[in-house]
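Right, one structure below, let's go through it.
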Amino acid sequence: AARTRDDLRCPVVVIMGHVDTGKTKLLDKIRKTNVQEGEAGGITQQIGATYFEKSTLLTQTAKLNETEKFELTLPGMLVIDTPGHESFTNLRSRGSSLCDVAILVVDLMHGLEQQTIESLHMLRKRGTPFVIALNKVDRCYNWVTCKDSPIRDALKVQSDGTLQEFRSRASDAKVQLQEQGVNSNIYWEMGDDDWTNSDFVPIVPTSAITGEGVQDILLLLCQISERKLWRQLMWCANLQCTVLEVKAIDGLGMTVDCLVVNGYLREGDKAVFCTLDGPIVAEIRGLLTPPPSREMRIKSEYIHHKEIKGALGVKVIGNGLEKVMAGTPVMVVGPDDEVEDIKAEVMSD
Ligand code: GTP
Ligand code: MG
Ligand code: NA
C-alpha cells in the first residue's frame, strides 16, 4: 500500500535532561501513575516506554484545544523516558537516536545543567527537533495552583511578584540557551512560522506536580508531529526495530524490550538478534505490552498480542535471548530471505 499522510504512525518522543529535572514526574502526570516514587533513590536507571492512545491525547489537551482547535490525526504517541544521571550517557544517546522529536526538560529553578547541555548536543548532532519543558513553575514564590490547566490561564491568575520571578528565570534560561547557540522563545510568543519552519526552539513552562502546561506540551508535540514531521511519520511496512533493554522477568524468563518504529512484528516470526557471540535466530514466542498509559519497565498486567504494528514498545519472549545486546537492530527472516543474509545485515548496522 502507498504511504500516505492519512496513515501516520505514532511519533516516538524522547524525554531527556539533567537528573531530577522532573522527566519521570512529567510522565507520571500524564499517565496518572506514581512510577517516580518507586524508583531507587528517585533516580531513573533504565530506558522506559509508555504508549498514549489518541483518546488520552484528546482528553488531556481538551481545555487548551477549545481555543486552539487543532485536529488530531495521530494514532497516539510513544514516549521514551531516559535517565538524567551522568553515568547513563549511553542510555540518553540510545534514546535520542531512536526518536522523532524530543522534550528537553529544564528545571526553572536551576537553569541549564551539565546533562542538559550534553542532551542538547546529542539532539543537535542528529538534527532532532525538540521542545523545552521549563519545569517546576509551581516553585515560583507564591505560585497559585491551577491544577492541570493550560499555562497561559495559570499565568493570568498569578500575582505581579510571582510573574516577575517567572519572567526573570525564564529569561535567564533563554540567555543560557543562546550561549549554547540555541535560539528559543516562550512558545506562544513565537509566530507560527517560527516553530514550524525555523530552528527556533519553543519553551513550554510546566509543572509535573500541579500539571500547569502539561496540556500545552502535549498539544505542541502533536502539532509539530503533524505539521513538521508528517513525512517521516508516514507508516511504512518495512520492519524497523531496535532493542531497548534485555532483562529477566519473574515467570517469563529473559525478555527483550524492543521499540518497533515501523512495520510489523508477529508471533511465530523468525527474528534475528545481535548477541555478544554474534547473530542468532529465535522464534518469537510472545509479544507483550503493558496497557496504554503504563510504563513498560514496570511489571504490570501485560497484554498478549499476535502482532505489533509500529510505532510501539513491546516485550519479546523467545528462547536463547540471554546475550542479546541493547541498542542493536532486530530483523525478521521473510519467506524469500536467506537466514545468512539477514544475519549479515543485522550485524553490519
Ligand atoms: P532522573 O530520571 O533521575 O534523571 O530524574 P527525573 O528528571 O526523572 O526527575 P524526577 O521525576 O525523578 O523528579 C525529581 C524530583 O523533582 C522529585 O522529587 C519530584 O517530585 C520533583 N519534581 C519534579 N517535577 C516537579 C515540579 O514540576 N514541581 C515540583 N515542585 N517538583 C517537581
Ligand atoms: Mg526519571
Ligand atoms: Na529523579
When restricted to E53, E68, the only residue open to solvent by 60 Å² or more (accessible area, probe 1.4 Å), touching a Leu at 6+ places or on another chain (Cβ under 9 Å) and more than 16 Å from ligand 2 (Cβ to nearest atom) is E68
Scanning the stretch 56-113 residue by residue, those touching a strand residue (DSSP E or B) at 6+ places or on another chain (Cβ under 8 Å), within 16 Å of ligand 3 (Cβ to nearest atom), of a type outside the set (A, V, I, L, M, F, W, C) and not in a helix (DSSP H, G or I) turn out to be D81, T82, G84, D107, E113
Item to complete: Scan the stretch 30-40 and give yes if some residue there is away from ligand 2 (no atom under 13 Å from the Cβ) and either open to solvent by 60 Å² or more (accessible area, probe 1.4 Å) or modelled with pLDDT under 95 (or both), otherwise no.
Response: yes
Over the stretch 155-186, the set of residues hydrophobic (A, V, I, L, M, F, W, C) and closer than 16 Å to L108 by Cα is L155, L163, F166, A170, A173, V175, L177, I186
Exactly one of V101, V14 is within 15 Å of ligand 1 (Cβ to nearest atom), in contact (Cβ under 8 Å) with a residue 24 or more places away in the chain and open to solvent by less than 10 Å² (accessible area, probe 1.4 Å), and that one is V14
**Flag for L74 being over 17 Å from the mean Cα position of the chain (by Cα) and open to solvent by less than 50 Å² (accessible area, probe 1.4 Å)** = no
Within the stretch 41-50, of all residues that are surrounded by fewer than 22 Cβ atoms within 10 Å (Cβ to Cβ) and within 17 Å of I80 (Cα to Cα), the one nearest to ligand 3 (Cβ to nearest atom) is I43
If you go through L252, L321, the only one that is among the aliphatic types (A, V, I, L, M) and farther than 25 Å from F52 by Cβ is L321
May I ask you to verify whether D81 is under 17 Å from P11 (Cα atoms), within 16 Å of ligand 1 (Cβ to nearest atom), modelled with pLDDT of 95 or more and not polar (S, T, N, Q)?
-> yes
Listed by first then second residue, the pairs whose first member lies in the stretch 18-33 and is under 23 Å from S87 (Cα atoms), whose partner is more than 7 Å from ligand 1 (Cβ to nearest atom) and small (G, A, S), with beta carbons under 9 Å and at least 6 positions apart or on separate chains, are H18/S119; T21/A133; G22/A133; K23/A133; T24/G48; L26/A133; L27/G48
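The values are calculated or read from the model by the stated rules, or taken from the named source; none is laboratory data. For clarity, every value in this text was computed on a predicted model and none was experimentally measured. Backbone-built Cβ (ideal geometry, glycine too); neighbour counts: all protein chains shown. We work out accessible area using only protein heavy atoms, side chains counted, and drop any ligands, DNA or RNA first. Shrake-Rupley method; radii C 1.70, N 1.55, O 1.52, S 1.80 Å.
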